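**Q** Just passing along the structure, written as structure tokens.
A short reminder: the numbers here are calculations on the coordinates, not readings from a lab. It should be emphasised that the depicted structure is a prediction, and the values quoted were computed from it without experimental measurement. When we count neighbours, we look across all protein chains shown, and the Cβ atoms used for this are built from the backbone with ideal geometry, even at glycine.
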Amino acid sequence: MRSLAVVDADAPVRRKPTATRSKKRARKKTATKKAARPKRRATKTVKATNKPASRAVRTQSTRPKKAAVVAAVKREPLGHLLVEHKLRDAGFRGVVSSDKSLLEEYATDESIFNIKPQIVLQPKDQRDIEIAVKTLGAETGRFPSLSLTPRAAGTGLSGGSLTDSVVLDIAAHLTGINEPVTKGDGTTITCEPGAMWRDVEAQLKTVDCYLPPFPASKDICTIGGAIANNAAGPDSLRHGHMADWVASLDVTFHDGKTYTVKPLSYKELRALTKKKHAYATIAKEVFDLIVKHEETVTKAKPKTAKNSAGYPLWDVVSPSVKAFKRGVGTFDLTRLISGSQGTIGVVVRATLRAQPIAHDTSLIVIPVFNLADASSVVVEALQYDPINVEIFDGLTYDLALKNPDFFKDRISRVRYYQTLLSMYTTYHVRYGRRTPDFTLLVTLDTRDMGVVREALAAIRESGGARARLITNDTEKEMFWQIRRASYTLSKLKDTSRRPAAFLEDMTVPPENLGQFFAAIKKLLKKYKIDAAVHGHGGNGHFHFYPLLDFTSPATPPLIEKMAEEFFTTAIKFQGNICGEHNDGIIRTPHLNKMFNKKTLDLFAAVEHIFDPQDIFNPGKKVNPRFDIKESVRKTN
Ligand SMILES: Cc1cc2nc3c(=O)[nH]c(=O)nc-3n(C[C@H](O)[C@H](O)[C@H](O)COP(=O)(O)OP(=O)(O)OC[C@H]3O[C@@H](n4cnc5c(N)ncnc54)[C@H](O)[C@@H]3O)c2cc1C
């Protein structure tokens, strides 16, 4: 048995429990032993790249060997033990720990999985991250099971931050935030990746700005995690994903060096590719790949408004290769790094564009008592260019009514009582004690009150007969509080079960919502399962959280079966399976439902260009390697 002593003299930063982290120890051996399946590696990948033959051969020959050694390292984790010492020798200053209780803390995030790492690193700064990448890169030849998985606040829902090797906790120390900078072309803010979203938001508020793609988890997640997941939220209906707000990223690539990545003109790209370093090679190879496969890349772009699946090669060269070569548009690798879940490099600094806060807005609330009306109301609301169209279900509303204490810590004291009064009055008086199937929230600009009134009338006619314009601030707050709390509230439905995040990221075109909902309802009935539902109605994006008992041995196979059937249903209605929570462990094996083989090979080629030694977070986005059934958590 190897030593589990903390190698570093500094005490590690203990992770604060996220909303659902169980205090109980996860059952042993869940993942460390079993998740290390040999990877289906990139033999095919190479075919899609422009790599010279010699390199292709080298790549193919190392892959199977790597998978074979993974199993050996599991029995005798020499490589990991060695890395602890190598890191110190290289001058790593942060915490390097294999303390058992710390490893348990990092074995879960907000996903349905439990996978124990072998080492936790808490880098002090960028230099430590560079040392970690370089040191691991040098050892993967000898110990192919070594890898490095960045982790921030651990609120991800797809298992992106979980690993059976080395976890790199970015959020322990890299939390710096600069003051916002306002110039002629707008406001930007620069921060380290571990900065909490709420702290960056507070800084931006001082100049009356905000980051529009804010996720519902903005109070508990970091900027780096949001970039790496390409997060999105209510205002993404108008303002897009996180990637749309990135001005530049400092990224540590596989050579252990950090480069500033930002959109480049053709001239700048040509100048860069003449240089001799990792970033130059990556830029050249990705550009060549897109040039060679432009048609496949363009066709692969998902049709839904939101997408976090795969590597969005279609967003890198704009508007087209031909126009770009003529000097129009940009080549933008930040588009690939955003949403890459730490699989192609480590973000160590980000500069983000911010937007002035919209103060002059109107909220229309629509209780829908008949499921079929939800779709037509959403479609009608979209005619009026809303900032957001959000939705929560009757279960969420019921749980809010039954659990007033839930909101105590979330709202200031006086406001708390006013908000509760508003909630109960709405239910007892306005709704006649009947909970709506769904509540829709539609935010419009108030620039023209005539348009707002017109929208209200049209929504009423389209099935939202009881739609109302909310003018009272407390009532507004009440509805938004319930919407934002919907996931966490669903945990209170039955504490012997847990809302399971695996069907939670499907999106369909809004006009297909009615039929999609009906099909999902049928499936839930077939499986005899309750599910909390909320989401971003305007994007046709719904978070279904089935309530499951993770202590039951029947749950892991059920998850696999349901994922298969529900994801197929989303695709049937021209939808996708991954709107904003990213692929992680749960969706990577299902990407073949969204993308053809040629496209999947291109994704694998991209990952290989950025990460030739496969250091960064293997098994996510491409080459799935975690057995879903065996990696599922065993506690609620
Ligand atoms: C209650 C709740 C509500 C949520 N609502 C939303 C929502 O509305 N919209 C949404 O998009 N998501 C939502 N999420 C999911 C999640 O909170 C977000 O995606 C969040 O932005 C992840 O940030 P994090 O700091 O927790 O990252 P983590 O979970 O720690 O990491 C996420 C991924 O990023 C990678 N990563 C982290 N840091 C870096 C780095 N510096 N460099 C490279 N890779 C890195 C990790 O390896 C991992 O793959 C929600 C989650 C919860 C629990």
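**Q** Counting Lys +1, Arg +1, Asp -1, Glu -1, what net charge surrounds VAL378 among other residues with beta carbon under 11 Å of its beta carbon?
**A** Values: positive: none; negative: ASP373, GLU380, GLU390, GLU511.
Around VAL378, the surrounding residues sum to -4.
**Q** A further question on this structure: To the nearest 20 debye, what is the magnitude of the charge dipole of the range 162-309 about its Cα centre, counting +1 on the Cβ of each Lys and Arg and -1 on the Cβ of each Asp and Glu?
**A** 680
**Q** Same structure, new question: Could you give the size of the charge dipole of the chain about its Cα centre, using +1 on the Cβ of each K and R and -1 on the Cβ of each D and E, expressed in debye and rounded to the nearest 20?
**A** Working: 98 positive and 68 negative charges, 509 e Å.
Charge dipole of the chain: 2440 debye, to the nearest 20.
**Q** If you average the alpha carbon positions of the range 327-381 and of the range 391-430, how far apart do those two centres end up, in angstrom?
**A** 27
**Q** Quick one: helix 371-382 against the long Cα principal axis of the chain, what's the angle to the nearest 10°, folded into 0 to 90?
**A** Taking the Cα atoms of the chain, the angle to 371-382 is about 80 degrees.
**Q** Using Cα pairs under 8 angstrom and six or more residues apart, how large is the relative contact order of the range 201-264, in percent? Walk me through the intermediate numbers first.
**A** Working: 62 pairs, mean separation 15.6, N = 64.
In percent, rounded to a whole number, it is 24.
**Q** Spin-label point model (7 Å from Cα, Cβ direction): what's the GLU560 to TYR424 distance in nm?
**A** In this crude label model, GLU560 to TYR424 measures out at 4.9 nm.
**Q** Once you list every other residue whose beta carbon is under 9 Å from the beta carbon of ILE387, what net charge do they have if Lys and Arg are +1 and Asp and Glu are -1? Walk me through the intermediate numbers first.
**A** On the way: positive: ARG238; negative: ASP235, ASP385, ASP445.
After counting each charged neighbour, the total is -2.
**Q** If the chain between ASP360 and TYR417 were fully stretched, how many nm would it gain, using 0.36 nm times the residue separation less the Cα-Cα distance? Don't skip to the answer; put the middle values down first.
**A** Working: separation 57, 0.36 × 57 = 20.52 nm, distance 2.59 nm.
Using 0.36 nm per residue and subtracting the Cα-Cα distance, I get 17.9 nm.
**Q** With unit charges on the beta carbon (Lys/Arg positive, Asp/Glu negative), name the residue among GLY329, ILE364, PRO436 whose Cα is farthest towards the positive pole of the charge dipole of the chain.
**A** It is GLY329.
**Q** Just to confirm my numbers, what's the Cα centroid distance between the range 205-282 and the range 590-625 in Å?
**A** Between the Cα centres of the range 205-282 and the range 590-625 lies a distance of 20 Å.
**Q** Ranked from highest to lowest mean number of other Cβ atoms within 10 Å per residue, what is the order of the peptides 460-471, 149-160?
**A** Working: 460-471: 17.2, 149-160: 28.1.
The densest-packed peptide leads the list: 149-160, 460-471.
**Q** Show the residues, 5+ positions off or on another chain, whose built amide H is closer than 5 Å to the amide H of LEU548.
**A** ARG498, ALA500
**Q** Can you give me the relative contact order of the chain as a percent, contacts being Cα pairs under 8 Å and 6 or more apart?
**A** Details: 1336 pairs, mean separation 115.7, N = 636.
Computed over the chain, the figure is 18 percent.
**Q** Can you figure out the FRET efficiency of HIS277 with TRP480, using R₀ = 51 Å and their beta-carbon distance, to the nearest 0.05?
**A** Numbers: r = 47 Å, r/R0 = 0.92.
Once rounded, the FRET efficiency stands at 0.60.
**Q** Taking amide hydrogens as modeled 1.01 Å from N in the peptide plane, which residues meet the under 5 Å criterion relative to THR446, leaving out close sequence neighbours?
**A** Here the answer is THR361, SER362, since their amide H atoms fall under 5 Å of that of THR446.
**Q** Excluding LEU591 itself, calculate the net charge of residues whose Cβ lies under 9 Å from the Cβ of LEU591, where each Lys or Arg counts +1 and each Asp or Glu counts -1. Provide the component values of the computation, followed by the final result.
**A** Values: positive: ARG587, LYS593, LYS621; negative: ASP583.
Local charge sum for LEU591: +2.
**Q** Same structure, new question: What's the exposure ranking of VAL347, VAL181, going from fewest to most Cβ atoms within 10 Å?
**A** Numbers: VAL347 29, VAL181 13.
The most exposed by this proxy come first: VAL181, VAL347.
**Q** Along the charge dipole of the chain, pointing to its positive end and built from +1/-1 on Cβ of Lys, Arg, Asp and Glu, which listed residue (GLN418, GLN126, ILE227) has its Cα farthest out?
**A** The residue sitting farthest along the positive end of the dipole is GLN126.
**Q** Is there a pair in LYS86/LYS621; LYS325/LYS598; LYS301/LYS621; LYS274/LYS621; LYS593/LYS620 whose C-alpha atoms are over 18 Å apart, and which pairs would that be?
**A** Values: LYS86/LYS621 29 Å; LYS325/LYS598 25 Å; LYS301/LYS621 16 Å; LYS274/LYS621 30 Å; LYS593/LYS620 16 Å.
With Cα atoms farther than 18 Å apart: LYS86/LYS621; LYS325/LYS598; LYS274/LYS621.
**Q** Continuing with this model, one more query. Along the charge dipole of the chain, pointing to its positive end and built from +1/-1 on Cβ of Lys, Arg, Asp and Glu, which listed residue (TYR311, ALA107, HIS543) has its Cα farthest out?
**A** Working it through, the farthest residue towards the positive pole turns out to be ALA107.
**Q** With each run of n ≥ 4 DSSP H residues scored as -39500 (n - 2.57), what mean residue ellipticity at 222 nm is computed for the chain after dividing by its residue count and rounding to the nearest 500 deg cm²/dmol? Each step should come with its number before you reach the end.
**A** Values: 23 runs with 239 residues, N = 636.
Computed mean residue ellipticity for the chain: -11000 deg cm²/dmol.
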